[in-house]
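Enquirer: Just passing along the structure, written as structure tokens.
Computed from the coordinates by the stated procedures, all read-outs in this text should not be read as laboratory data. This is a predicted model, so every value here is computed, not measured. Backbone-built Cβ (ideal geometry, glycine too); neighbour counts: all protein chains shown.
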Amino acid sequence: MENLSALAQTIVKTMEQMMRAGHSHVPAENLIKAVRKRKSANNSQLAQALQETLDVHVLVQTTLPTGETVIYQPRMLQMEKSVAKRLKSIAASKASLSPSKLKATLKRIASSSTLSDEQFAAVQGSIANKLSVLTGGPGTGKTTTLKAVLDLAQHMYLTVALCAPTGQAAKRLTQPTGCEATTIHRLLRYNPEEKDFGYNAGHRLSEDLIVIDESSMIDLWLLHHLLRAVKDSACLLFVGDIHQLPSVGAGNVLHDIIQSGVASVFNLTTIFRQGEDSHIVTNAQAINTGEMPNLSNQSQDFFMFRVPTEQIGKMVSDIVANRIPDNFGYAPEDIQVLTPMYKGVAGVDDINQRLQAHLTDSSWCVQLKQGRFKVGDRVVQTKNNYDDNVMNGEVGQIAFIDKKKKTITIQFDAERVVYSYKKMWQIKLAYAITTHRSQGSEYAAVVLPIHEGMSQMLQRNLPYTAITRAKKLVVLVGSDEAVQQAIRNVSATERWTALASRIGQL
DNA sequence: TGGTAAAC
């Protein structure tokens with residue numbers, strides 16, 4: 001890197017930025033265009049600088065199956081190729097079960113099943129096919145279907161690995177399925193010091209069926225390591241909602257797997273949770289198709305308060321502390337504020353300060369390095385804590401502060417955990433959390449501040465993910481223009497990836 | 001230039 005010219009270094013940095021935006025590669029002309037925005041240079045200087053990065057293999061140039069000339073970081077190219085190859089070879093290998101046995105077992109199960117037709121087809125398909133995808137919005141019965149898949153697998157004496165990208169998603173999966181779920185990292189025996197995995201191409205998992213929930217959150221890197229560690233004869237089932245926020249890391253893998261046709265796709269469409277007149281459901285569907293949601297405040301479960309940006313914070317506190325409890329009977333504990341970012345107006349930090357001041361009194365409080373905690377505060381665990389069985393993203397309430405012992409007791413859903421002040425770095429206020437962190441969680445009521453200052457975070461998946469977290473009530477606070485801006489913006493999901501075309505080419 | 005997360 002030090003040996004490169006200044007312009008070549010700018011190209012490398014621009015490329016890194018593109019990876020951070022989620023792309024697996026960049027078309028050569030788009031890369032040059034992006035570099036031009038940072039540094040002025042003429043065509044031949046740019047071509048020469050790009051050649052410099054290619055000569056030392058910091059970047060590589062390649063032609064996609066589509067004929068397009070694109071630039072990759074070498075490791076990204078290698079991962080994308082490897083993922084395509086693994087998917088293809090798993091799909092082509094024989095499964096370790098007999099079709100006649102499947103047929104017989106299915107027949108037995110069908111008679112006692114309460115599954116809908118589309119759910120039953122998914123259950124059958126995900127055992128009969130090597131690679132399957134189970135998609136559908138919230139309330140369509142993905143977990144019910146998953147449970148039936150696991151039952152079927154058990155009847156057929158298949159060994160199963162049940163996993164998810166996050167600790168919380170794994171924990172949530174364990175209870176309804178009655179099957180121990182782990183994070184993908186744990187399943188593969190991740191070693192952070194070596195940055196490698198105990199299970200890999202040379203030492204594969206023995207399980208016949210691998211089920212991966214919340215797979216919209218998986219990036220190219222994690223899928224690469226998972227597929228390396230899976231035996232060729234295994235069946236894979238990816239479960240997720242493609243309309244939720246894309247992975248923060250590079251790739252668009254669930255989307256690409258579906259698009260490539262390498263997997264059988266089962267899309268659940270019937271919603272069982274809310275009634276048909278629910279605006280939560282219809283508005284989520286409208287947003288998905290790029291239409292403006294119905295914000296007329298005519299329904300019983302979907303409302304919008306139109307206020308100028310500088311008044312959003314104040315209005316959100318009023319809604320959480322007074323309006324929702326008074327008018328709908330939900331306590332502040334049942335209400336979750338979801339917002340795109342930490343900083344700025346109506347960001348996580350802003351809302352947390354306001355609601356802490358509004359909702360808890362100061363008689364029992366302690367000032368720690370990272371901030372003030374009060375008895376009654378709503379807080380969130382920010383790292384998987386296997387000792388106390390509290391996962392990253394779990395929300396609880398401060399029950400007790402012991403100033404002599406220097407401990408804080410937090411009541412979570414099922415656990416009551418004592419934290420020393422020293423351990424409190426794992427805990428943050430949670431009156432508001434980011435929409436990203438809410439993925440996979442559900443709340444009775446969701447309050448969503450949305451204003452134009454949130455500019456680049458205003459993406460179509462954002463209001464979709466936020467409002468589909470709500471079981472009973474959604475309240476938007478902000479401006480129609482910001483909602484419109486978010487719905488029009490699909491740039492986060494339009495990533496340059498070539499996984500689908502690579503699979504097609506093999 | 002900015003913004004989002006996760007794993008042991």
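Enquirer: Of A:PHE305, A:TRP425, A:ILE324, which is farthest towards the positive pole of chain A's charge dipole, taken about the Cα centre with +1 and -1 on the beta-carbons of Lys, Arg and Asp, Glu respectively?
Expert: In chain A, that residue is A:TRP425.
Enquirer: Also, I was wondering about something else. What list of ³J(HN,Hα) couplings, whole Hz, do you get for region A:326-336 from phi and the Karplus terms 6.51, -1.76, 1.60, once you set θ to phi - 60° and write x for glycine and proline?
Expert: Along region A:326-336, the couplings run 5, 9, 10, x, 8, 6, x, 5, 8, 9, 10 Hz.
Enquirer: While we're on this one: Grab the other residues whose beta carbon is less than 13 angstrom from that of A:ALA234, score K and R as +1, D and E as -1, and report the net.
Expert: +3
Enquirer: What does the charge dipole of chain A about its Cα centre add up to, to the nearest 20 debye, if the Cβ of each Lys and Arg holds +1 and the Cβ of each Asp and Glu holds -1?
Expert: Computed about the Cα centre, the dipole is about 1040 debye.
Enquirer: Can you give me the distance in nm between label points at A:SER44 and A:LYS13, each placed 7 Å from the Cα along the Cα-to-Cβ direction?
Expert: Going by the 7 Å Cα→Cβ label model, 2.6 nm.
Enquirer: Provide the net charge surrounding A:VAL248, with neighbours chosen by a C-beta distance below 13 Å and charges set as Lys +1, Arg +1, Asp -1, Glu -1.
Expert: Counting the neighbours of A:VAL248, the net charge comes to +2.
Enquirer: Same structure again: Please report the projected area of chain A's Cα convex hull averaged over all directions, in nm².
Expert: Directional mean of the projected Cα hull area for chain A stands at 26.7 nm².
Enquirer: For region A:340-416, rounded, prolate or oblate, judged on the Cα gyration tensor with a ≥ b ≥ c (square roots of eigenvalues), a/c < 1.5 rounded, else prolate if a/b > b/c?
Expert: Oblate, since a/c reaches 1.5 and b/c is not below a/b.
Enquirer: Please report the antiparallel percentage of the DSSP beta bridges confined to chain A, to the nearest 5.
Expert: Antiparallel: roughly 45 percent of the beta bridges in chain A.
Enquirer: Once you charge only the Cβ atoms, +1 for Lys and Arg and -1 for Asp and Glu, what is the size of the charge dipole of region A:139-287 about its Cα centre, to the nearest 20 debye?
Expert: Using only the charged Cβ atoms, the result is roughly 200 debye.
Enquirer: Next question, about the same structure. To the nearest 20 Debye, how big is the dipole of region A:120-209 about its Cα centre, given +1 on the beta carbon of each Lys and Arg and -1 on that of each Asp and Glu?
Expert: Here region A:120-209 has a charge dipole of around 220 debye.
Enquirer: I've got another one for you. For labels at A:SER89 and A:LYS33 in the simple 7 Å Cα→Cβ model, what's the distance in nm?
Expert: 3.7
Enquirer: Please give the direction-averaged projected area of the C-alpha convex hull for region A:173-316, in square nanometres with one decimal.
Expert: Projected area, direction-averaged: 13.3 nm².
Enquirer: Just how many pairs of Lys in region A:1-113 have C-alpha atoms closer than 27 Å, counting pairs that are eight or more places apart or on different chains?
Expert: Going through region A:1-113 pair by pair, I get 11.
Enquirer: Out of every Cα-Cα pair in region A:428-506, what percent are more than 18 Å apart?
Expert: Values: 1533 of 3081 pairs.
Here the long-distance tail beyond 18 Å is 50 percent of all Cα pairs in region A:428-506.
Enquirer: Between A:GLN370 and A:ASN191, 0.36 nm times their residue separation minus their Cα-Cα distance comes to what? The partial results should precede the final answer.
Expert: Numbers: separation 179, 0.36 × 179 = 64.44 nm, distance 2.91 nm.
The A:GLN370-A:ASN191 span can extend by a further 61.5 nm.
Enquirer: Sticking with this one: Mind listing the long-range amide H neighbours of A:ASN267? Cut-off is under 5 Å, sequence gap 5 or more, other chains count too, H placed in the peptide plane at 1.01 Å from N.
Expert: Distant-sequence amide H within range of A:ASN267: A:THR135.
Enquirer: Could you tally the net charge around A:ALA498, taking each other residue with its Cβ under 11 Å from the Cβ of A:ALA498, Lys/Arg +1 and Asp/Glu -1? Intermediate results must be reported in sequence, preceding the final value.
Expert: Working: positive: A:LYS81, A:ARG495, A:ARG502; negative: A:GLU68, A:GLU80, A:ASP256.
Summing Lys and Arg as +1 and Asp and Glu as -1 gives 0.
Enquirer: Can you list which of the trypsin sites (Lys or Arg not before Pro) found in region A:294-378 are DSSP loop residues with at most 11 other C-beta atoms within 10 Å? Write down the numbers at each step before the final one.
Expert: Numbers: sites: A:ARG306, A:LYS314, A:ARG323, A:LYS343, A:ARG354, A:LYS369, A:ARG372, A:LYS374, A:ARG378; in loops: A:LYS343, A:LYS369.
Answer in residue order: A:LYS343, A:LYS369.
Enquirer: Which trypsin sites (Lys or Arg not before Pro) in region A:177-218 pass both tests, a DSSP loop state and at most 15 other beta-carbon atoms within 10 Å?
Expert: Details: sites: A:ARG186, A:ARG189, A:LYS195, A:ARG204; in loops: A:ARG189, A:LYS195, A:ARG204.
Answer in residue order: A:ARG189, A:LYS195, A:ARG204.
Enquirer: Do the sum for chain A: with -39,500 (n - 2.57) for every DSSP H run of n ≥ 4, divided by all residues, what is the mean residue ellipticity at 222 nm, to the nearest 500 deg cm²/dmol? Each step should come with its number before you reach the end.
Expert: On the way: 19 runs with 190 residues, N = 506.
Here the helix-only value at 222 nm equals -11000 deg cm²/dmol.
Enquirer: Mind giving me the nanometre distance, one decimal, between the label points for A:ALA414 and A:ALA6, set 7 Å out from Cα along Cα→Cβ?
Expert: With each label placed 7 Å out from Cα toward Cβ, I get 6.0 nm.
Enquirer: Which FRET efficiency value, to the nearest 0.05, do you get for A:HIS57 and A:ASP232 by plugging their Cβ-Cβ distance into 1/(1 + (r/R0)^6) with R0 = 30 Å?
Expert: Plugging the Cβ-Cβ distance into 1/(1 + (r/R0)^6) gives 0.45.
Enquirer: Under 8 Å for C-alpha pairs, at least 6 residues apart: give me the relative contact order for region A:369-449, rounded to a whole percent.
Expert: So the answer I get is 26 percent.
Enquirer: Just to verify a number: FRET efficiency for A:ASP387 and A:ASP318, C-beta to C-beta distance, R0 = 60 Å, to 0.05? Write out the running numbers ahead of the final one.
Expert: On the way: r = 39 Å, r/R0 = 0.66.
Once the sixth-power term is evaluated, E becomes 0.95.
Enquirer: Relative contact order for chain A: what is it in percent, counting Cα pairs under 8 Å that are at least 6 residues apart?
Expert: Across chain A, relative contact order equals 16 percent.
Enquirer: Quick one: Karplus J couplings for region A:155-162, per residue in order, coefficients 6.51, -1.76, 1.60, θ = phi - 60°, nearest Hz, x for Gly and Pro?
Expert: Calculated HN-Hα couplings, in order: 4, 9, 6, 8, 7, 10, 10, 10 Hz.
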